[in-house]
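Input: a single structure, listed below in structure tokens.
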Amino acid sequence: MGSGVLKNRTAELPILTERLCLRGYRQDDLESVFRLRSNPDVVKLLYGDPLTREEVPELLTKYMSPPRFDADGDELKLAIERRADGAYLGNLKLQILSVEHRQGEIGYALDPQYHGKGYAREAATAGLDLGFRHFGMHRIRAHCDARNTASWRLMQKLGMKREAHFRESEFFKGVWADDFIYAILAREWTGAPEAE
């Protein structure tokens, strides 16, 4: 497959893993999204401030919009749900950075009560698999504030390599913040098809 072509333009949802269901957002996710995005511990190292209850419907509408996934900047936002009881754990994002070069970006945010149980790794593994196997991406990156130790350690566990450390690259929430960039190639992804 040459550059500039993604294998597919839509995702087959839901995506089931051993413990999780990655699915599209629904109207009944309103309270769960509010709980996650209003939590100061969740958003302290993410862009944006904690959301008010009045701001969440607009965000949920954006999450629920039928995903266009065939142009630079398009993103797929998935709810992470525990299969055993339907608990909403957080969200996963897969974004196209460049169709021409088959580059993507992955991101994730989990409710702190579910940290340390391997859920983020399981969800991110499914997200990388989706990007490489289903969409045919060549390279997927992730970035985080250097203070977000749990996030960059997860990137390392996923086999991603640190490609950059931008020192004091943004004045972020009142302080100069460092940014880490991690990435992994399709041929490095465990179980990914052989490089073309």
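Between residue 133 and residue 85, 0.36 nm times their residue separation minus their Cα-Cα distance comes to what?
14.4 nm
For every other residue with a beta carbon closer than 14 angstrom to the beta carbon of residue 129, add +1 if it is Lys or Arg and -1 if Asp or Glu, then tell me the sum.
So the surrounding residues net to -1.
For region 50-107, what is one quarter of the convex hull surface built on the Cα atoms, given in nm²?
Mean projected area of the Cα convex hull: 5.1 nm².
Hey, with R₀ at 35 Å, roughly what FRET efficiency would residue 35 and residue 157 work out to, going by the Cβ-Cβ distance, to 0.05?
On the way: r = 26 Å, r/R0 = 0.76.
For R0 = 35 Å, the calculated efficiency reads 0.85.
Using helices alone, what [θ] at 222 nm do you get for the chain, with -39,500 (n - 2.57) per DSSP H run of 4 or more residues, divided over all residues and rounded to the nearest 500?
-5500 deg cm²/dmol
Could the peptides 50-58, 153-161 be put in order, highest first, of the mean number of other beta-carbon atoms found within 10 Å of their residues?
153-161, 50-58
When the label point is put 7 Å from the Cα of residue 187 along its Cα-to-beta-carbon vector, which residues of region 1-38 have a backbone N closer than 14 Å?
1
May I ask for the net charge around residue 30, where only other residues with Cβ less than 12 Å from the Cβ of residue 30 are counted and Lys, Arg are +1 while Asp, Glu are -1?
Details: positive: 26, 35, 37, 53; negative: 28, 29, 31, 54, 55, 58.
Summing Lys/Arg as +1 and Asp/Glu as -1 gives -2.
Mind ranking 73-83, 15-25 by how tightly packed they are, going by the mean number of other C-beta atoms within 10 angstrom, highest first?
Those peptides, ordered most packed to least, come out 73-83, 15-25.
Per Stokes-Einstein, at 4 °C and 1.567 mPa s, what whole-number D in µm² s⁻¹ belongs to the chain, with the Kirkwood radius over Cα pairs as the hydrodynamic radius?
After rounding, the answer is 75 µm²/s.
Counting residues in region 131-196 as N, plug N into 2.2 N^0.38 Å and put the Cα Rg over that result.
Expressed relative to 2.2 N^0.38 Å, the Cα Rg reads 1.29.
Any chance you could check the Cα centroid distance between region 164-190 and region 88-136 for me, in angstrom?
Here the answer is 16 Å between Cα centres.
Here, each number is a calculation from the coordinates, and none is a lab measurement. The shown structure was predicted, so the numbers you read here are calculated from the model rather than taken from an experiment. Don't worry about glycine lacking a Cβ; one is built from the backbone with ideal geometry, like all the others, and counts go over all protein chains shown.
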